[in-house]
1. Just one of 100, 118, 107 is at pLDDT 95 or above, among the polar types (S, T, N, Q) and closer than 14 Å to residue 256 by Cα; which is it?
2. Hey, among the residues in the stretch 1-53 that are within 21 Å of the chain's Cα centre (by Cα) and not in a helix (DSSP H, G or I), which one's farthest from residue 151 (Cα to Cα)?
3. Say whether the condition of being more than 18 Å from the chain's Cα centre (by Cα) and not small (Gly, Ala, Ser) is met by at least one residue in the stretch 54-67.
4. Tell me the residue from 25, 101, 73 that is touching a residue at least 24 places away in the same chain (Cβ under 8 Å) and surrounded by fewer than 16 Cβ atoms within 10 Å (Cβ to Cβ), please.
5. Starting from the stretch 136-155, take each residue that is closer than 10 Å to residue 62 by Cβ and among the acidic types (Asp, Glu) and list its partners that are modelled with pLDDT of 95 or more and buried (at least 22 other Cβ atoms within 10 Å of the Cβ), counting only C-beta distances under 8 angstrom and pairs at least six apart or across chains.
6. Might you let me know whether the stretch 32-39 holds any residue that is surrounded by 17 or more Cβ atoms within 10 Å (Cβ to Cβ) and closer than 20 Å to residue 18 by Cα?
7. When you go through 76, 43, 85 one by one, which is the residue that is small (Gly, Ala, Ser), at pLDDT 95 or above and in contact with a strand residue (DSSP E or B) (Cβ under 7 Å, 6 or more places away or on another chain)?
8. Can you confirm whether the stretch 153-162 contains a residue that is aromatic (Phe, Trp, Tyr), surrounded by fewer than 20 Cβ atoms within 10 Å (Cβ to Cβ) and modelled with pLDDT under 95?
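The values are calculated or read from the model by the stated rules, or taken from the named source; none is laboratory data. What you see is a predicted model, and the numbers here were worked out from it, not measured in a lab. As a convention, Cβ positions derive from the backbone with ideal geometry for all residues, glycine included, and neighbour counts pool all protein chains shown.
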Amino acid sequence: MKEFFRKIYYSILKILPAKFVVNLENLKSYKKLLNKNNLKYFGEKIQYMKLYGHLEKYTNYVDKYAVRNYVSEKIGEKYLIPLLGVYNYFDEIDYNKLPNEFVLKANHGSGYVIIIKNKNEINKKKINKKLKNWLKEDYYKIKKEYQYKNVPKKILCESFIIDKQNELLDYKFFCFNGEPKFLKVDFDRFGEHKVNFYDMKWNLIDMQEYGCKNYKEHIKIPENFNLMVKLSKKLSEDFQFVRVDLYNVDGKIYFGELTFTPASGRHPFLPLEKDIEIAKEIVI
């Protein structure tokens, strides 16, 4: 039922003007309309950039296929998740030629991910229907994130990656003018999703993201954390703000994605004093 109403809500957002949607989302997040002359919160600055930041210039960086060229040039292709196939349509996929485990993604938005752990148990018709629907969607229209507007839609098939603990932690570095200031670590992203925040010395930050619980167990700093920081700096040096997402699989670092409008500006950092502090890093 919740998913049904979410789809209806998103369908309505697609036909509404950008300024209306941005103000609606800001009202939901911060209980106020967007005032471009008084941008106080991190999410407000993200919403402002959606309207006035000319985000179309970032198309090649949010395209999950095209960005691979940028990553290869900046830090080397060894940090890319191995690519098993690229398709323009779902019916181009030959499942017989794929390994038992793999991941299917659409390249033109967020959340378009199907994880296959045993291809002998999959429902191909159901998967193909989902892929077909994804390729029909204009993702940018939903939250007015115009960096996604001109992405040529494709389906990517990547190798399935996981560590020895049967986990895949997602390390998200918030970078300002090429300098990572803090990071978010996502646990069990597609299950009981939890997050923790750390500073660049791996000290736990007493902060939450709206809608997400914190992970209570202690985790060790990755042995090659300094290299992850170095790679984040390199990948973010061309932008005023970007979130650099990396994976670390038993010491092997992989690039995830570049994100210019995290959560589309809808998830405040709590307490709000932290949100305000982080917002100061973005100079409009």
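1. Values: 100 fails: closer than 14 Å to residue 256 by Cα; 118 fails: closer than 14 Å to residue 256 by Cα.
After applying the criteria, what remains is 107.
2. Only one residue fits best here, namely 41.
3. Step one: filter the stretch 54-67 for residues more than 18 Å from the chain's Cα centre (by Cα), giving 54.
Those left that are additionally not small (Gly, Ala, Ser): 54.
Yes, some residue in the stretch 54-67 is more than 18 Å from the chain's Cα centre (by Cα) and not small (Gly, Ala, Ser).
4. On the way: 25 fails: surrounded by fewer than 16 Cβ atoms within 10 Å (Cβ to Cβ); 73 fails: touching a residue at least 24 places away in the same chain (Cβ under 8 Å).
That would be 101, the only listed residue that is touching a residue at least 24 places away in the same chain (Cβ under 8 Å) and surrounded by fewer than 16 Cβ atoms within 10 Å (Cβ to Cβ).
5. Between residues of the stretch 136-155 that are closer than 10 Å to residue 62 by Cβ and among the acidic types (Asp, Glu) and residues that are modelled with pLDDT of 95 or more and buried (at least 22 other Cβ atoms within 10 Å of the Cβ), the close pairs are 145/50; 145/261.
6. Of all residues in the stretch 32-39, those surrounded by 17 or more Cβ atoms within 10 Å (Cβ to Cβ) come to 34, 39.
If we keep only those that are closer than 20 Å to residue 18 by Cα too, we end up with 34, 39.
Yes: the stretch 32-39 contains one or more residues that are surrounded by 17 or more Cβ atoms within 10 Å (Cβ to Cβ) and closer than 20 Å to residue 18 by Cα.
7. Values: 76 fails: in contact with a strand residue (DSSP E or B) (Cβ under 7 Å, 6 or more places away or on another chain); 43 fails: in contact with a strand residue (DSSP E or B) (Cβ under 7 Å, 6 or more places away or on another chain).
Selected residue: 85, the only one of 76, 43, 85 that is small (Gly, Ala, Ser), at pLDDT 95 or above and in contact with a strand residue (DSSP E or B) (Cβ under 7 Å, 6 or more places away or on another chain).
8. Residues of the stretch 153-162 that are aromatic (Phe, Trp, Tyr), as a first pass: 160.
From what is left, the residues that are surrounded by fewer than 20 Cβ atoms within 10 Å (Cβ to Cβ) are 160.
When the remaining residues are screened for being modelled with pLDDT under 95, the result is none.
Among the residues of the stretch 153-162, not one is aromatic (Phe, Trp, Tyr), surrounded by fewer than 20 Cβ atoms within 10 Å (Cβ to Cβ) and modelled with pLDDT under 95, which makes the answer no.
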